[in-house]
Amino acid sequence: MANDIKINSVSISNIKKGTSQIYKAYQGVNLVWDSGLSPSNFILDDYSSELAWSFRKLKTTATVSCRLRRSNDNAETDVLLTETGSVSLISIVSAGGSLGDWIGVNSGYVKTIYDQMVNGYDFTQTDTAKQPKLITSGVIELSNGLPAIIFKSTDILTGLEFDSAKMSLFSVLTSPTTFPNISYVFGNNGGGYAIGGTNSSYRQIFGISESKQVKGYTIRPSGQNLFEWYDDALFLNGAEDSPYTTYNPMLRCRFFALGARPDFTPLYFGGKFQEAIIYSTNESLTNRVTINSDLKTFYTTP
């Protein structure tokens, strides 16, 4: 249409909700306004978070996704992020060349997954017996066609203590086919963000201590899902997951971990992990819709 209005080269009828920057405006094919700037390609450039882990680039300044250990000789390398898409066998590695050339027909285990916000909250594991797997015999593990870490029932990556009075969490993961009990995705000493299992039908969402935790009372089936938690509410693929009881929304992870609760009775995730973004605020509805939409579109979650 000759009078079709476009913002940043996108028809105004299709513009993504929550767009925070306008760079160019068109009427039909005519450029009617130009800021002289370039639009951001990454969600966290416009919606900056405190913590973020992923196999795709989430922020312009992020450069590295994870550090892998090669199964045949225990050699290690960092896997660099690409400007588009996710980590793949053509990704460049710090050892030189491509990931495919470096790994060959061997398997690759995750020693570290880096915090893309570069705030020091990397998750790491030096014990090779507890490192989750990203590559099996030269083939990257996938969930819904995109890279995913596979956690077996003894795998755990640990990080620094993280404290926050409020929190918004967005995560994409595939829960295990069977639950050993409570499957923790993120955990601390005595609590954590978890998926309820067959033997105990409750979900914990980041506990402050053994006695003060945010809990849910539903069991989720296996499959790739987008989980979203904020302002004492839990959502699964955009639909509120209830009922649940909030004891205290405070987050205090004294022993912050990915894949299990790292105390004397560890409860392991045993599923597939792809991405998590954490804010130390209760994000606004507009921001939540935009962030959720970005993850849902990229991962094609339900």
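The values are calculated or read from the model by the stated rules, or taken from the named source; none is laboratory data. Fair warning: this is a prediction, and the values are worked out from it, not measured in the lab. Neighbour counts run over all protein chains shown; Cβ positions are idealised from the backbone, glycine included.
Which is in contact (Cβ under 8 Å) with a residue 24 or more places away in the chain and under 17 Å from the mean Cα position of the chain (by Cα), of 71, 48?
Details: 71 fails: under 17 Å from the mean Cα position of the chain (by Cα).
On inspection, the qualifying residue turns out to be 48.
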What's the total number of residues in region 272-302 that are free of Cβ contacts under 8 Å to residues at least 60 places away in the same chain and either surrounded by 15 or more Cβ atoms within 10 Å (Cβ to Cβ) or among the polar types (S, T, N, Q) (or both)?
2
Checking residue 102 against (1) in a strand (DSSP E or B); (2) of a type in the set (Phe, Trp, Tyr); (3) over 29 Å from residue 292 (Cα atoms); (4) at pLDDT 65 or above: exactly one of these is not met. Which one?
(1)
Going through (1) within 15 Å of the chain's Cα centre (by Cα); (2) at pLDDT below 85 one by one, residue 156 fails only at (1)
Take the conditions touching a residue at least 24 places away in the same chain (Cβ under 8 Å) and crowded, with 23+ Cβ neighbours inside 10 Å and apply them to residue 160. Does it pass?
no
When region 230-279 is checked residue by residue, the ones that are over 18 Å from the mean Cα position of the chain (by Cα), within 25 Å of residue 119 (Cα to Cα) and either modelled with pLDDT of 75 or more or not assigned by TED's automatic domain parsing to the domain that holds residue 168 (or both) are none
